[in-house]
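Contents: one structure, followed by commentary.
Each reported figure results from applying straightforward, stated rules to the coordinates on display, with no laboratory input. All values derive from a computational prediction rather than experimental measurement. Using ideal geometry, Cβ is built from the backbone for each residue, glycine included, and neighbour counts are taken over all protein chains shown.
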Amino acid sequence: MKTLSSWMHGRTLVIAVPFAFLLVFFLLPFFIVGKISVSEMETVSFKDIVSWSDGVLSLALRFSNYVFITEDPLYFRTYLASLQYALATTLLCLAIGYPFAYFMARARPTLQPALLMLVMLPFWTSFLLRVYAWRGLLTEGGWVADLIVDLGLDQVLLSLGLIPSPGKLMHTPFSLVLGMTYTYLPFMVLPLYGNLAKMDLRLLEAAADLGATPWTAFWKITVPLSKAGIIAGSMLVFIPCVGEFVIPELLGGPETLMIGRVLWDEFFSNNDWPMASSVAVVMVLLIIVPLAIFNKYQAEAQEGR
Amino acid sequence: MKRGTSATFNRWFGRGWLGLGYLFLYLPIVALVVFSFNDSPIPNVWRGFTLKWYVALAHDSEMLAGLWLSLKIAFLTACGSVVLGTLTAFALVKYKRFAGRTLFSGMATAPLVMPEVVVGLSLLLMLVSVQRALGFPERGMLTIWFGHLLLGVAYAAVVVQARLQDLNPQLEEAAMDLGARPHQVFWLVTLPMIAQSLISAWLLTFTLSLDDVVLSAFLSGPGATTMPLVIFSRARLGLNPSVNAVATLIIVVVAIGVVAASWFIANAERKRQREMAAAVRG
């Protein structure tokens, strides 16, 4: 009986400690942001929404920030641009990452741990510094900039409207999407590899025996079976990209304003905490559906279903 | 014949794709290291070899102070994240039913993808509210640690959870059948088997913390400028060879650390496999 009660005690503790930590440091702050987004700004700080004066409890909610966000075209355009850049990055990561993960998963089994390690290693070196490195590579005279100009690829980028003039690669939509694709590629490759490496290859043999070409078998068997990996990877790339701040700041330009920067400026430059909170709340509302999808697939993947 | 050539083509196409992919991933790292030794007024055009940026770094008190602060925070973050992340992983893997489990698992994974500006802003506003009510904590090392811990717990939980999922529960059941108490089962059976994932989680959260800009910017106070904040403010202004020098030093240290850790982990794993095989043979 004593063991049972101590076991129960241990169980409660194991759950309660991290649960309380996450409630206090993750969930509670969101409610506070919601509260501040509808409160009045005073000179240095914000006003409490509930006040008690002359024996009257009054509740002052101010939705003007939200009205402003929906009416001001700058905010609308910036939210839209953030979603577009995030989507472009996700598609590029998928286009590069899917074949990459596929060939990794089909490489010799003895090689695979090393290949996997090589994808993980950049995680351990500073992301900030790797993004900074692209500045050197893309500025005029840099290795990649020279290569792109020598191959004439800047004309292609120009005709796609990704760069404003030939040879100018930095501080453009091109450098921004390249930087985000570079940073988030491992987040796409890892779940896809995990998924593709587990696949039962006998299914492909069966398809071949039944007369399917490798190409048909790939589209009809491999791709549908890796759906969970595709979704998990896409969400892992898309959601953080929407609110990305460091990469647009280092690699983006004046015309690539993203919503993370707007939030940052409202907070640090304008000192308008309620406005910054409203921008954050709208951002969370935009990503809440992808977030729910991610949580579902992540939980399923973790629970081995 | 045709089948043979297409198989060869496929093999080489796969190798080429992987090769270009790895080139894409590693090119910036190589460039960082190369240009830290560059003796040229134009920072991204190679002219000659020099060590002057490293000499300058040794006298760069702002960067060194930031590095020291970052190392302290990263150490504390890694330790805290591994403890809380392991508890989180345990709760999620071992207990399939408890009140609020869906909320709990959602909160444990959401920080992985939630934009950092949102997390940073919300944490800061909460801490400000707490400070108004209680008079502490001041913004500084402690508040940065809270932020990094939140991110670190989520990453550590994923790493440890993946390992716990693979464990054979019969080993723990056997230990309990032989009379071990739950805490003995944990310390003597479970912990040694998940030790390598704890080391990976520690290293991962350490580097995450050492790297973070956005959370630190929101949560830092006067006098608490971490190294990434110093690097970020310089990088915003343009190319700066002293940043390359710091980068190279970090890359070298991390590369040595990761290679040593994975060698150690691989060795321990082989030893464990051998012992298990021996135990099965009896």
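A few remarks follow.
- Estimated FRET transfer efficiency (B:Phe75, A:Glu140; beta-carbon r; R0 35 Å; 0.05): 0.30
- Cβ crowding within 10 Å averaged over residues, with B:165-175, A:119-129 ranked highest first: A:119-129, B:165-175
- Global geometry of chain B, whether rounded, prolate or oblate, following the gyration tensor of its Cα atoms and the 1.5 cut on a/c: oblate
- Proximity of backbone amide H atoms, modeled 1.01 Å from N, is registered between B:Gly221 and B:Gly140 at under 5 Å, excluding neighbours fewer than 5 places apart on the same chain.
- Taking Cα centre as origin and charging only the Cβ of basic (Lys, Arg, +1) and acidic (Asp, Glu, -1) residues, the dipole magnitude of the stretch A:105-211 rounds to 320 debye.
- Averaged over peptide A:153-160, the number of partner chain Cβ atoms lying within 10 Å of each residue's Cβ comes to 0.
- Between B:Leu171 and A:Ser269, the simple label model (points 7 Å from Cα in the Cβ direction) yields a spacing of 5.6 nm.
- Chain B, relative contact order in percent, only Cα pairs under 8 angstrom and at least six apart counted: 29
- Global geometry of the protein assembly as shown, whether rounded, prolate or oblate, following the gyration tensor of its Cα atoms and the 1.5 cut on a/c: rounded
- Using a simple spin-label model with pseudo-atoms 7 Å out from Cα toward Cβ, B:Ile256 and B:Ser233 lie 3.0 nm apart.
- Dipole magnitude (debye, nearest 20) for the stretch B:144-239, charges at Cβ of Lys, Arg, Asp, Glu: 460
- Modelled label positions at B:Arg272 and B:Leu191, each set 7 Å beyond Cα in the direction of Cβ, lie 1.4 nm from each other.
- Charged side chains reduced to their Cβ positions (Lys and Arg at +1, Asp and Glu at -1) give the protein assembly as shown a dipole of some 2020 debye around its Cα centre.
- FRET efficiency, 1/(1 + (r/R0)^6) with R0 35 Å, evaluated for A:Arg11 and A:Arg77 via beta carbons: 0.10
- Over chain A: helical MRE at 222 nm, DSSP H runs n ≥ 4 each giving -39500 (n - 2.57), nearest 500: -22500 deg cm²/dmol
- With a 10 Å cut-off around each Cβ of B:127-138, the average count of Cβ atoms from other chains is 2.
- Cα-Cα pairs of chain A separated by more than 36 Å (percent): 37
- Given charges at Cβ of Lys, Arg, Asp, Glu: chain A dipole, positive-most of A:Tyr184, A:Gly141, A:Leu115: A:Leu115
- Förster radius 41 Å - calculated FRET efficiency between B:Leu134 and A:Ile288, Cβ distance, rounded to 0.05: 0.80
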